[in-house]
Amino acid sequence: MLVDAHCHLGDGAFDGDREAVRVRARAAGVGHVVVIGDRVSTSRDALVLARSTTGLSATAGIHPHQATDWSPASRTDLIALLETPEAVAVGETGLDYHYDHAPRDRQIESFEGQLALAAEVRKPVVVHAREADADVARLLRAWRTRVPAVILHSFSSGPELFAAGMETGAYFSFSGMITFKSWGHPEYLTGCPADRLLVETDAPYLAPVPHRGSRNEPAFVRETALALARARGVTLEALVPTLFANATRVFGARVTPSP
């Protein structure tokens, strides 16, 4: 089965048809979805979904856009959420110097705090990186021996961060961006070791071709997996077991098929 390694299924874009979205995902061969939290409130929502629905797990963290939310109180809240079995990773955290919705020093403080949290609770960390390659690479190297695993989500950064991810054993999660005509990094798709590949939607964002321009949803991760398989010169059927094994390794036994 396919695993959507990063989906904002709790987003309001799915409020009208969330169950239908899940049914379409199953029909497309997507057996598990990792529902992303990007602040304390959405992390709680993600865990509620994961508890109430089979085939879902959740993350808990604070996105760099909300880095000013990071505090001793939010850290305590996240620890409580991450101690539940449905929570499989810390994040989405990281650095975003494109939008700079939060001051960069606060982003770094929040990111390092959540790397420390991942080391403490022994769960992987989901990393967002945009136009912040040098600082993200530096922090990955600094924490490489302390966090259980790093997932570089919707990876499209430059060669500096790709090299750091390769060096530190990070997982590279590719989104629908790899189906776009503008995708300019075929070497990432072929150069990443097979045992560190993941696929994701980042839904409701980044719908792959041929759905580009519409709301993204977990069923569409199949298109991303197909593009990845073609780039690597293998069939989708040959790649899917590898992707599933990788998702199980990084997220744990919670990643099981939905009935």
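The values are calculated or read from the model by the stated rules, or taken from the named source; none is laboratory data. These numbers come from a predicted model, not from an experiment. Ideal geometry is used to build each Cβ from the backbone, glycine not excepted, and the neighbour counts take in all protein chains shown. Just so you know, the surface numbers come from the protein's heavy atoms only, side chains and all, with ligands and any DNA or RNA stripped out. Shrake-Rupley method; radii C 1.70, N 1.55, O 1.52, S 1.80 Å.
Brief remarks on what is shown
- Residue count, segment 58-84 (criterion: of a type in the set (S, T, N, Q) and assigned to a helix (DSSP H, G or I)): 4
- Residues satisfying the stated conditions in segment 228-238, i.e. free of Cβ contacts under 8 Å to residues at least 40 places away in the same chain and among the hydrophobic types (A, V, I, L, M, F, W, C): Ala229, Val234, Leu236, Ala238
- Qualifying positions in segment 114-125 - surrounded by fewer than 20 Cβ atoms within 10 Å (Cβ to Cβ) and closer than 12 Å to Leu139 by Cβ: Ala116
- Within segment 192-216, the set of residues being assigned to a loop (DSSP other than H, G, I, E, B), surrounded by fewer than 18 Cβ atoms within 10 Å (Cβ to Cβ) and either in contact with a helix residue (DSSP H, G or I) (Cβ under 7 Å, 6 or more places away or on another chain) or free of Cβ contacts under 8 Å to residues at least 60 places away in the same chain (or both) comprises Pro193, Val209, Pro210, His211, Arg212, Gly213, Ser214, Arg215.
- Summed over segment 218-259, residues that are surrounded by fewer than 22 Cβ atoms within 10 Å (Cβ to Cβ), modelled with pLDDT of 95 or more and among the aliphatic types (A, V, I, L, M) total 9.
Conditions tested, residue by residue: (1) in contact with a helix residue (DSSP H, G or I) (Cβ under 7 Å, 6 or more places away or on another chain); (2) of a type in the set (Phe, Trp, Tyr); (3) open to solvent by less than 10 Å² (accessible area, probe 1.4 Å).
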site: Arg39; (1), (2), (3): yes, no, no
site: Asp45; (1), (2), (3): no, no, no
site: Arg51; (1), (2), (3): no, no, no
site: Trp70; (1), (2), (3): yes, yes, no
site: Ala89; (1), (2), (3): yes, no, yes
site: Leu95; (1), (2), (3): yes, no, yes
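Conditions (1) surrounded by fewer than 24 Cβ atoms within 10 Å (Cβ to Cβ); (2) in contact with a Phe, Trp or Tyr (Cβ under 7 Å, 6 or more places away or on another chain); (3) touching a residue at least 40 places away in the same chain (Cβ under 8 Å), marked per residue:
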| site | (1), (2), (3) |
| --- | --- |
| Gly55 | yes, no, yes |
| Pro85 | yes, no, yes |
| Glu92 | no, no, yes |
| Pro103 | yes, no, no |
| Val136 | no, no, yes |
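- Members of segment 138-172 that are open to solvent by less than 10 Å² (accessible area, probe 1.4 Å) and over 19 Å from the mean Cα position of the chain (by Cα): none
- Restricted to strands (runs of 3 or more DSSP E) entirely inside segment 85-187, those with at least 1 residues that are on the phi < 0 side of the Ramachandran plot and among the polar types (S, T, N, Q) are 87-96, 171-174.
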